[in-house]
Amino acid sequence: MFGLFNKKQPPPERPRQLPPVPDWRPQIIQPLERIVERLRFYTNGARDFAVFEHGTAAILPEGLSDGEATKHAELALHSVFHAHPDMNPMNMKDGNILIQYNHDVASLVLSDVVEQNWAEIDKQHQRALATSEVLISSLGHNVFDDFGKKALFGRCFMFMDAQSPRVTHIERHEG
């Protein structure tokens, strides 16, 4: 009667997607040619790798045709996406952050892109967590220093590439 005993309805939850993905899809674009150049440098020009539309890269075995390389890269990214995407971010000597995942997949965060877009990254980093995800840092549960915020930003690109995988470049090693 008059709604006195009606329970208040909780706010609607974000629809669950499996695998879970971040809410944030950065509009920030990292130049792919620079990502390719830096990855070539980091691998000493000795490895083949495929680069996806948003800059995620997969190291390739030697001797694959372009078609085989694309399939290998897509399968590696699929394997990361459909398992828990553990990340291992590393500061590189040039100031960039290389984020490694299982299956020889990696993302790169270019330091100058971060500097130009820091306000947005700092503001949106919590939206870079996947649905219901809890990451434990030295600062606590889902509390991140600047390095962690940059890594989460870079990981968003992996999720974007995994949801719509499109290899845009295959880099062949020298020699």
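The values are calculated or read from the model by the stated rules, or taken from the named source; none is laboratory data. Keep in mind that what you see is a predicted model, and the values were worked out from it rather than measured. Glycine gets a Cβ as well: all are built from the backbone with ideal geometry, and neighbour counts include every protein chain shown. Just the protein is used for accessible areas: all its heavy atoms, side chains included, with ligands, DNA and RNA removed. Shrake-Rupley method; radii C 1.70, N 1.55, O 1.52, S 1.80 Å.
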Failed criterion for His173 (all others in (1) within 27 Å of Glu62 (Cβ to Cβ); (2) open to solvent by less than 70 Å² (accessible area, probe 1.4 Å); (3) touching a helix residue (DSSP H, G or I) at 6+ places or on another chain (Cβ under 9 Å); (4) modelled with pLDDT of 95 or more hold): (4)
Single unsatisfied condition, Pro89 versus (1) assigned to a helix (DSSP H, G or I); (2) surrounded by 14 or more Cβ atoms within 10 Å (Cβ to Cβ): (1)
Residue pairs meeting the criteria (Cβ under 7 Å; at least 6 apart or on separate chains; first under 19 Å from Val114 (Cβ atoms), in the range 125-149; second of a type in the set (Val, Ile, Thr) and surrounded by 15 or more Cβ atoms within 10 Å (Cβ to Cβ)): Lys149/Ile121
Unique residue being under 17 Å from Gln100 (Cβ atoms), assigned to a loop (DSSP other than H, G, I, E, B) and touching a residue at least 60 places away in the same chain (Cβ under 8 Å) when the list is Gly55, Gly45: Gly55
